[in-house]
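Throughout, read-outs are computed from the coordinates displayed, never taken from laboratory work. Please read these numbers as outputs of a predicted model, since none were measured by experiment. Counting neighbours? That spans all protein chains shown, and the Cβs are built from the backbone with ideal geometry, glycine included.
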Amino acid sequence: MSLLIAMTGWDLESWRQRFQRHLPALEIVALGEAFDRRSVRFAATWKHPEGSLAGLPQLEAIFSLGAGVDHLFADRSLPDVALARVVDPDLTARMSEYVVLHCLIALRQQRLYDRQQREATWIDDRNQPAARDVRVGILGMGVLGLDAAGKLMALGFDVACWSRTRRDVQGLASFAGAEGLGPFLGRTDILVNLLPATPDTAGILNRGMFTQLARDGRLGAPMLINAGRGASQDEDDILACLDDGTLQHATLDVFRTEPLPAASRFWSHPGVTVTPHNAAMSDPDAICALIARQIDRLERGLPLEYPVERTRGY
Ligand SMILES: NC(=O)c1ccc[n+]([C@@H]2O[C@H](COP(=O)([O-])OP(=O)(O)OC[C@H]3O[C@@H](n4cnc5c(N)ncnc54)[C@H](OP(=O)(O)O)[C@@H]3O)[C@@H](O)[C@H]2O)c1
């Protein structure tokens, strides 16, 4: 009985050692080497090559090594077995740090003061809005959105969310579905994207959305923070909206092409902050421990935690 590691771009041997430590009873095999395809019961994947999980007759479950699962659905011949993803408190906390950090940079006008320092200029304009005056709108109110919303609300921000289904959380304004999107955007100064990449969310961060954001906020023009997926953003629209003032600033952790190409205007645009898709890094040991717990659940006849629904795509 074996677990197949099917990944590209990550260091295989360190993952093999970790899995072996957490699952000593299983043989750990990997794509690219000879192994008995009939003995594979579990697969742990990150951006596996298309079709590489086909022809595994005993396969029971596929575990995404990341929180996002769009890489799974990029494989059109993904076997019809149970799917699960990573939910890890450490990853969740890191994402909230990222969202809170960039909302606070905006609230406290830190970019202005960095500029003033470079120019040795002392201008104390006393025009600091309070957190309660700044409306943050979070697209996607799942595991990551909920945690970030709670931490932003604890700091006093006026937080709303938009998701497929409404959320009942005290102090959080919840909007859902197509009819909820306009009202949600109309009360948003800082738009935070934490949606998964699915066919429904492809290119959703576009001019049509940005022009509906609030124009009467204390920060001036609205801002965008995208720490979800690059596939959700129309990058030409973001640049054009920064150029014409529809957006004041965009903080982007994810891009349609990663690594971000050297020729991208995002690198040098004064209204853009680029981070290299590391808003919320995963702790590999925590991921292997989670997958070991998931396999133990299956052995005991329990359902998987954090299942992925094929029909929704997340
Ligand atoms: N940058 C990074 O380092 C990094 C790290 C980890 C994860 N991520 C990204 O963050 C994403 C979110 O993670 P999560 O754990 O919070 O996911 P999650 O728990 O699955 O939550 C997804 C949320 O998005 C909403 N949603 C999905 N499709 C929608 C649609 N068409 N319209 C409206 N709402 C929709 C869901 O609505 P319902 O509540 O109604 O189902 C849910 O609230 C991941 O998929 C991944 O792409 C990025």
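Laid out as a table, the results:
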{"read-out": "Fraction in percent of alpha-carbon pairs per bin - 10 Å, the stretch 109-209", "value": "14, 40, 25, 15, 5"}
{"read-out": "The chain - percent relative contact order, Cα under 8 Å, separation 6 or more", "value": "16 percent"}
{"read-out": "The chain: most fluctuating residue of GLU13, GLU60, GLU97 per GNM, C-alpha cutoff 10 Å", "value": "GLU13"}
{"read-out": "Tail weight of P(r) past 18 Å, computed on alpha-carbon pairs of the stretch 39-114, percent", "value": "54 percent"}
{"read-out": "10 Å binning of all Cα-Cα separations within the stretch 89-274, expressed as whole percents from 0 upward", "value": "9, 38, 38, 13, 2"}
{"read-out": "P(r) of the stretch 246-314 over all Cα-Cα pairs, binned every 10 Å from zero, in whole percent", "value": "16, 27, 25, 21, 10, 2"}
{"read-out": "Kirkwood-based Rg to Rh ratio, the chain, C-alpha trace", "value": "1.02"}
{"read-out": "Gyration tensor verdict on the stretch 212-296 (Cα atoms; rounded if a/c is under 1.5, prolate if a/b is larger than b/c, oblate otherwise)", "value": "prolate"}
{"read-out": "Mean Kyte hydropathy of -0.5 or more with a Cα span along the axis of at least 18 Å, helices from DSSP in the chain", "value": "89-107, 284-299"}
{"read-out": "Rotationally averaged projected area of the stretch 167-221 (alpha carbon convex hull; nm²)", "value": "4.5 nm²"}
{"read-out": "Residue among PRO57, PRO196, PRO183 with the largest mean-square fluctuation in a Gaussian network model of the chain, springs linking Cα atoms under 10 Å", "value": "PRO57"}
{"read-out": "Placed amide H near THR211: partners under 5 Å, 5+ positions off or other chain", "value": "none"}
{"read-out": "Cα-projected label distance for THR121 with ALA74, points at 7 Å along beta-carbon direction, nm", "value": "4.4 nm"}
{"read-out": "Choice from ALA67, ALA30, ALA250 showing the highest fluctuation, given a GNM over the chain with Cα pairs closer than 10 Å", "value": "ALA30"}
{"read-out": "The stretch 202-260 - Kirkwood radius from inverse mean 1/r over Cα pairs (Å)", "value": "11.6 Å"}
{"read-out": "Check: the stretch 195-314 dipole with +1 on Lys, Arg Cβ and -1 on Asp, Glu Cβ, in debye", "value": "180 debye"}
{"read-out": "Per-pair calculated FRET efficiency, R0 = 25 Å: ARG21 and ALA82 via Cβ, rounded to 0.05", "value": "0.55"}
